[in-house]
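Engineer: My questions will all concern the structure given below.
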Amino acid sequence: WPMYNFSGWQDFVDGHRHLKLVSGDALEIQITLLTQGYADGLVGQLPFQMGEISMKTLLDVKNGKPIEQEIFGTNLLQIISVPLVLPELEVNMNYLGNLRILGYLLFGIIATCSLLLTFWVVVRRRSQVVRASQPLFLIMICIGTLVMGSAIITLTFDDEIYEQHALDIACMSTPWLGSIGFTIAFSALFAKTWRINRLFRKFSRITISEADVMQPFAILITANISVLACWTILSPLHYERRNHAGTDGWNRVISTYGTCTSYNSDTDEYEYGEVPYVVLLAGIAFFVLVIANFQAYQGRS
């Protein structure tokens, strides 16, 4: 019996702590090892009962009494290291809690600044400085910043307050708001820089018309909406709660977190997955940033 080798059994258990060990019998040495944490459970027959039934059956045979059955059952002695009543489980759900208020505050600052600046541009649209900067450009930047900042609101959603349907909508709304807001704001900056470079290269007076603003805007917004629409239809994000690694002493989950994912937990596969769409959106943004920085570099002097 392995547990008879006291030190050998201890060495074996120390090297295999990932195993749950349940052994037969419940002798004194085994109970000692159990109490020291070198076994998780013992199952053994009661020796006295085994001996009593065996002797009584043999005596009946000797005395010529009929034997009514061939198999005789005995009670089992079960000793386990897990308590019958487990301690109350406290799972850390990692809700946003008061951090949600910080998100509301940050969005409030962004929204207030964007609206006030938009109002200022409209009021001062006839002044020389605003006219030189093109009011349409300035308003587009304010609107884009407001839309992009709205993504903070959808990031404050979790299942502490909201239902699954609302969470799924919030998950998919975040890339829409961020991408569309960036496109609106950046297309104005991109067109402005591009037109300035044309002005200095040709050394002639060029008016930056609304059509000049709308051309890069239309191209960027079409590219982004195409990717976002495919993402929403083919592999939409949904809210899911997952377990953190690690459990308590009784193998119970002690921490979870919520996340937006395209992962299908029912089929254990990604369907199409969110990665291709994130890469495409990031690629479009990066490409435009490179071109804009190149335009800015050309116009640095």
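The values are calculated or read from the model by the stated rules, or taken from the named source; none is laboratory data. Everything numeric in this text was worked out from a predicted model, so none of it was measured. A quick note on method: Cβ atoms are made from the backbone with ideal geometry, for glycine too, and the neighbour counts reach across all protein chains shown. Note: accessible area is taken over every heavy atom of the protein model, side chains too, but ligands, DNA and RNA are not part of it. Shrake-Rupley method; radii C 1.70, N 1.55, O 1.52, S 1.80 Å.
Engineer: Taking all protein chains together and a probe of 1.4 Å, list Phe12, Phe286 from the most accessible to the least accessible. Let's see the in-between values first.
Structural biologist: Working: Phe12 80, Phe286 140 Å².
Listed by decreasing accessible area, they come as Phe286, Phe12.
Engineer: Ignoring everything but the protein chains, give the 1.4 Å probe accessible area of Asp159 in square angstrom, nearest 10.
Structural biologist: Using a 1.4 Å probe on the heavy atoms, I get roughly 50 Å².
Engineer: Please give the contour-minus-distance gain from Ile67 to Thr35: 0.36 nm per residue of separation, less the Cα-Cα distance, rounded to one decimal in nm.
Structural biologist: Length difference between fully extended and current span is 7.4 nm.
Engineer: Then there is this: Would you tell me the accessible area of Met93, worked out with a 1.4 angstrom probe on the heavy atoms of the protein chains, in Å² to the nearest 10?
Structural biologist: The accessible area of Met93 comes to roughly 50 Å².
Engineer: Just to confirm a number: summing +1 for Lys and Arg and -1 for Asp and Glu over residues other than Arg100 whose beta-carbon lies under 15 angstrom from that of Arg100, what do you get?
Structural biologist: -3
Engineer: Continuing with this model, one more query. ³J(HN,Hα) across region 97-107 via Karplus (A = 6.51, B = -1.76, C = 1.60, θ = phi - 60°), whole Hz, x for Gly/Pro?
Structural biologist: x, 6, 4, 4, 5, 4, x, 4, 5, 5, 5
Engineer: If you filter region 96-158 for chymotrypsin sites (Phe, Trp or Tyr not before Pro), then keep DSSP loop positions with at most 14 other Cβ within 10 Å, what is left?
Structural biologist: Details: sites: Tyr104, Phe107, Phe119, Trp120, Phe137, Phe157; in loops: Phe157.
The qualifying sites: there are none.
Engineer: For Thr35, Thr57, what's the largest-to-smallest order of accessible area, 1.4 Å probe?
Structural biologist: Ranked list, largest accessible area first: Thr35, Thr57.
Engineer: Per residue, how many Å² of accessible area does region 106-177 show with a 1.4 Å probe?
Structural biologist: I get 58 Å² per residue for region 106-177.
Engineer: OK, next. Enter the accessible area of Arg17 (Å², nearest 10), with the probe set to 1.4 Å and all protein chains included.
Structural biologist: Accessible area of Arg17: about 130 Å².
Engineer: Taking 0.36 nm per residue of sequence separation and subtracting the Cα-Cα distance, how much length would be gained by fully extending the chain between Ala218 and Leu19, in nm to one decimal?
Structural biologist: Fully extending the segment from Ala218 to Leu19 adds 65.5 nm.
Engineer: Give me the percent of the accessible area of region 97-246 that comes from carbon and sulfur atoms, probe 1.4 Å, all protein chains in place.
Structural biologist: Solvent-exposed carbon and sulfur of region 97-246 make up 71 percent of the total.
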